């Protein structure tokens, strides 16, 4: 086949419309990036997909046909991934869209703006990729909703709708049940709010799951964070705090993706949800609260609230005797100061293989992780003379001391991902877009997919997973 001078195996062929001239995009050589070659090359494909989506939008192209050299299947998927994620717009509140009145999600119409026809990509791989991208877009929609629309109750309702549509179980605890369970971290943070808190339990347990003990995902669900009585400044801080439930959105959307794609893995997701406000009965610096495991915590800053609600969820996770617990949280400004939006601090008690598997998953989807220590010396920074722990550790090593606080409530293999940097962007960044990015969904899906493939049990093929999905719908 004619490929206009590009080396064999190094070309992408894209028809912008049926009968139109072909556009050729060079594949970046993996050797260009040294030891990081392959994952960096795939990221360039995703960025090319973003540029292609913008080109199609600018020229009002509605139909796109893509063809890759057969040796570049992963590159083809990466290009389509970047293209699909770049098509996202959160415009439901624009007058011209009339979406708010119609009550339609922003992604409903956006997904139809461009019709893409991959020529030589397998149907099963394409369906799996499409469902994953839909899940990322769902997470973005949840993060981008204003707090006036999406409170803790509405977030739980969204998870119930996702579970019903995708095929996973959802159980929502109300304020009364949370009180009965003695979840003092959630209850303390919620005291300043006029709206109740929720605790959502999601479960996906297919009969052919490769793991007997569940992998538990925990997502921070602070639907809006004013900082409480330790009030945040508005510019550059409070004005983006509708994103403080990005961890919750990510774990819920991951459940959607694995259920839609019939991934044979047993997963539970836990979401403690509330807002954090300086109301008349708000918890205050100097308070001592009791977490559900009996641990007492001296509150020295009410803006360090995420770790308090996560503590209750992490303690609750013990009853599942999990294979691994992974929490995602927009937890600290220190994580942003250390790594900006380009990477996520990763730390925990999981063994070296589990940690490395998550790091490798981050490279594959370009949601990169940087392992950090949680040595025992960091625990000294959250000691206090009046309670078992205090909820802040000072100015130094803030991301690590926050993780050290969370570690207290675990007795199982655990990883903590502080996604404060990449979860919400003030300016557009290629296919990640602007504002809510859905960060963490592709990472968790990459990890769980690899967990299935690496299992000693026979891994179910993409074809049989698709058949299972179709049978489930019929």
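The values are calculated or read from the model by the stated rules, or taken from the named source; none is laboratory data. For clarity, every value in this text was computed on a predicted model and none was experimentally measured. No Cβ is skipped: glycine too gets one built from the backbone with ideal geometry, and neighbour counts run over all protein chains shown.
Evaluate the following for residue 429: is it under 22 Å from residue 243 (Cα atoms) and modelled with pLDDT under 95? Here the answer is yes, as residue 429 does meet what is asked. Which ones in the range 139-162 are within 26 Å of residue 409 (Cβ to Cβ) and in contact with a helix residue (DSSP H, G or I) (Cβ under 7 Å, 6 or more places away or on another chain)? Residues satisfying the conditions are 139, 142, 143, 155, 159. I'm trying to understand the selection: among the residues of the range 76-108, which are part of a helix (DSSP H, G or I) and either at pLDDT 70 or above or crowded, with 23+ Cβ neighbours inside 10 Å (or both)? 76, 77, 78, 79, 80, 81, 82, 83, 84, 85, 86, listed by residue number. Only residues that are under 19 Å from residue 216 (Cα atoms), touching a residue at least 12 places away in the same chain (Cβ under 8 Å) and exposed (fewer than 14 other Cβ atoms within 10 Å of the Cβ) were counted in the range 339-385, giving 1. For the range 292-377, the strands (runs of 3 or more DSSP E) that sit wholly inside it and include 1 or more residues that are closer than 30 Å to residue 182 by Cα and either assigned by TED's automatic domain parsing to the domain that holds residue 453 or under 18 Å from the mean Cα position of the chain (by Cα) (or both) are 296-298, 324-329, 344-348.
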